[in-house]
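Read the structure below first, then the notes.
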Amino acid sequence: MPNTPSNDTSAASSWWKDTPIYHIYPRSFHDTNEDGIGDLPGIIEKLPYLAELGIGAIWMGPVFRSPQVDNGYDISDYRDIDPIFGTLADMDRLIATAHRLGIRVLLDLVFNHSSNRHWWFVESERDPSGPYGDYYIWRDAQAAPLPNNWRSFFTGPTWTWSEVRGQYYLHLFAPEQPDLNWDNPAVREELADIANFWLDRGVDGFRLDVINFIAKVEGLPSVEEVAEHRDAGEAVSSGGREGSTEKPDRLSRSGPAAYIDHARMVGYLREFRRRLHRREEIVLVGETPHLSYEWARELTASENGALDMVLLFDHLEVDHGSRGRWDPVPWTTERLARVFREQQTALAGSSWPSLYMGNHDQPRIVSRYGDDGEFRCASATALATLFYLQRGTPIIYQGDEIGMANYPLEDATQIVDIESGNAYRALVETEGVEPAEALRRVARNARDNGRTPMQWDGTPHPSWWYPLNPDHREWNVAAQEQLPEHQSVLAHYRRLLALRAEYEALRRGSFQLVTGDTPCIAFRRRASTETITVVVNLSSQETAVPPAIIKSLAKDRTVQIVLSTAYNRGGHAPDNLGSATITASLAPWEARVLLQKDPALTRIA
Ligand code: ISL
Ligand code: CA
């Protein structure tokens, strides 16, 4: 078992606060049998690369048996590996090899819904009064066209008629992804058993897919009726403490958050955790789209015993227009800084933030918030410094460590992802948007952007299930290993993670936003004997260090620069960063990390 950080008193608890996690999208990570799909042997082969990067855990996207309607997020057997990825023996070998390298393993459990090809659903359809009859959410046809007016994440209604059973069933995503009925105790027991099956094989935790949607509002009322209940100030007890009223979610007036009964959801997850083997050693990370900060804190407060972290979305929605991700608008430093402050404030104390810039559902961060043209390396490293030195656990998405960018989508036929493809067709066919304009809107945030194959070297791999980004010939791991440090995104990520390992202020220190006025964001991390200030120029122009930073540093002679993404600016070779002037103007996309060791503070033994 990997050694736990020395400052942990209890042998294995909260290891996940001290080590970055690397998010692998297995389908696109590394293909060892030339079938064009990444596989488990491919992940095993790259574990040393990940160990050298400095990560302490991997989160792998779903590799269970699946018809692949939603690239594995439609599971038909939770206890077996899909042959396109490998076998159970491969998984056992992966876990053992990772542990030998000091890397823990998290799996991605999709428990809000299964595949419609899971035998539970086949039986539920065939035999309504059988043992699986109540595993899903079924409703009779009524006078109204559908049981309610909820909308799917993947466009269209959330109800599909089953000729076999003669009823509608609920699916918040594709019709091939029927929602499981968490109100059924047999379902909750079955899912805890599946988690224990993997924990008994040595897995160290789980990322739980859209886990905040597992408890739907009683009676499945229409969106408007839910809003009325909440407007009437209906007191809804919070998950942990009775009596407090639920603050309306940002989206409780409409959209997915209106479908959730949060108090019941928290209750189910506390019961789920109580049932898990090794529950003190593992980490539970919930993916929670549209979750309010209040409920995020409720879910992750350690005393509530539900989840350890959640994946919030607000920092990846500052470029969403009024109609969401398919209505992209320019983002601002002010909006992003405000979200950072809100998230860090909400999850201070006994909660713990996750820090992520992208994943298989998001566009590439260097294309989204950076400058993937002239300042691609500078902006990729600046954004990594901005996100990953905050309080919380960094979750690095495969390829971001070498500055991978969006795929040049020029034709709608290149959109393979179900959500993005449905959104494009809805814009054109339902809203009458010109195809070229619909493509412009969807291409920027299409999920395909984050799913192109990992770029290990410059050689062509024509068999890949999705084409490699044409820029892989220049932007790849092998090339980054050869570049001088200050031109290598990969080298910067290694230094960044090493910096976190070196300074307690970065691992466990407090967070305080100092400024968020265009074009800079600056924040401060404090621990017992050190203060670290991070200031980032989020523009392609040179800019002055914000006055608030200069004021706080001017008097202190002990300040030194421990990291800068503009190494080659003013003699900033990595080994003499300390000599550079602290308040020199910031180069385009420069992130500067300043250390103050306060001798007045005694080091806590
Ligand atoms: O980002 C999103 C919401 O704004 C959606 O792209 C995404 O579907 C949502 O975050 C939920 O994602 C998870 O569940 C989906 C699956 O398609 C995603 O890949 C998964 O990450 C359904 O299982
Ligand atoms: Ca393969």
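Among the residues making up the range 369-403, those that are of a type outside the set (Asp, Glu) and open to solvent by 10 Å² or more (accessible area, probe 1.4 Å) are Gly370, Gly373, Phe375, Arg376, Cys377, Ala378, Arg391.
The set of residues in the range 290-302 being of a type outside the set (S, T, N, Q), closer than 22 Å to Leu316 by Cα and in a loop (DSSP other than H, G, I, E, B) consists of His290, Leu291.
Residue check: is Asp92 assigned to a loop (DSSP other than H, G, I, E, B) and either open to solvent by 40 Å² or more (accessible area, probe 1.4 Å) or within 16 Å of ligand 1 (Cβ to nearest atom) (or both)? Judged against the criteria, Asp92 is not a match.
Select from the range 135-157 the residues that are outside any loop (DSSP other than H, G, I, E, B) and open to solvent by less than 50 Å² (accessible area, probe 1.4 Å) and list them in ascending order. Residues satisfying the conditions are Tyr136, Trp138. Does the range 423-440 contain at least one residue that is small (Gly, Ala, Ser) and in contact (Cβ under 8 Å) with a residue 40 or more places away in the chain? Yes, some residue in the range 423-440 is small (Gly, Ala, Ser) and in contact (Cβ under 8 Å) with a residue 40 or more places away in the chain.
Being within 28 Å of Leu276 (Cα to Cα), open to solvent by 40 Å² or more (accessible area, probe 1.4 Å) and more than 16 Å from ligand 2 (Cβ to nearest atom) is a condition met by no residue of the range 158-180. Scanning the range 305-316 for residues that are on the phi < 0 side of the Ramachandran plot and either in a loop (DSSP other than H, G, I, E, B) or modelled with pLDDT under 95 (or both) gives Ala306, Leu307, Asp308, Leu312, Phe313. Screening Tyr132 with (1) under 24 Å from Pro62 (Cα atoms); (2) under 32 Å from the mean Cα position of the chain (by Cα); (3) part of a loop (DSSP other than H, G, I, E, B) gives one miss only, at (2).
The set of residues from the range 32-41 being surrounded by 21 or more Cβ atoms within 10 Å (Cβ to Cβ) and either within 16 Å of ligand 1 (Cβ to nearest atom) or over 13 Å from Pro83 (Cα atoms) (or both) comprises just one member, Gly38. Is it true that some residue in the range 501-514 is touching an Asp or Glu at 6+ places or on another chain (Cβ under 9 Å), within 18 Å of Asp372 (Cα to Cα) and not hydroxyl-bearing (Ser, Thr, Tyr)? The answer is no; no qualifying residue exists. From the list Arg100, Arg165, Arg104, the lone residue that is more than 30 Å from Trp59 (Cα to Cα) and either away from ligand 1 (no atom under 16 Å from the Cβ) or aliphatic (A, V, I, L, M) (or both) is Arg165. Among the residues of the range 95-127, just one is open to solvent by 10 Å² or more (accessible area, probe 1.4 Å), of a type in the set (A, V, I, L, M) and touching a Leu at 6+ places or on another chain (Cβ under 7 Å), namely Leu101. Is at least one residue of the range 273-289 more than 17 Å from the chain's Cα centre (by Cα) and not in a loop (DSSP other than H, G, I, E, B)? Checked the range 273-289: at least one residue is more than 17 Å from the chain's Cα centre (by Cα) and not in a loop (DSSP other than H, G, I, E, B). Look through the range 339-357, keep the residues that are touching a residue at least 60 places away in the same chain (Cβ under 8 Å) and in a loop (DSSP other than H, G, I, E, B), and return whichever of them is nearest to Thr385 (Cα to Cα). Of everything passing the filter in the range 339-357, Trp352 is nearest to Thr385 (Cα to Cα). Within the range 404-421, residues that are surrounded by 15 or more Cβ atoms within 10 Å (Cβ to Cβ) reach partners that are among the β-branched types (Val, Ile, Thr) and not in a loop (DSSP other than H, G, I, E, B) with beta carbons closer than 6 Å, at six or more positions or on different chains, in the pairs Ala405/Val366; Ser420/Val442. Scanning the range 430-465 for residues that are assigned to a loop (DSSP other than H, G, I, E, B) and touching a His at 6+ places or on another chain (Cβ under 6 Å) yields Arg451, Gln455. The residue of the range 428-457 that is nearest to Asn33 (Cα to Cα), among those that are among the small types (Gly, Ala, Ser) and surrounded by 15 or more Cβ atoms within 10 Å (Cβ to Cβ), is Gly450. Taking the range 466-512 as the range and being in a loop (DSSP other than H, G, I, E, B) and open to solvent by 10 Å² or more (accessible area, probe 1.4 Å) as the test, the residues that pass are Pro467, Leu468, Glu474, Trp475, Leu483, Pro484, Tyr503. Scanning the range 72-102 for residues that are in contact with a Gly (Cβ under 8 Å, 6 or more places away or on another chain), within 16 Å of ligand 2 (Cβ to nearest atom) and farther than 23 Å from Asp457 by Cβ yields Gly72, Asp82.
Filtered by the rule that a residue be within 16 Å of ligand 1 (Cβ to nearest atom) and open to solvent by less than 40 Å² (accessible area, probe 1.4 Å), the range 327-359 gives Asp327, Pro328, Val339, Ser354, Tyr356, Met357, Gly358, Asn359.
The values are calculated or read from the model by the stated rules, or taken from the named source; none is laboratory data. Since we're looking at a predicted model, the values are computed, not measured. Positions of Cβ are backbone-derived with ideal geometry, glycine not excepted, and every protein chain shown enters the neighbour counts. Remember, those area values only see protein heavy atoms, side chains included, never the ligands or the DNA or RNA. Shrake-Rupley method; radii C 1.70, N 1.55, O 1.52, S 1.80 Å.
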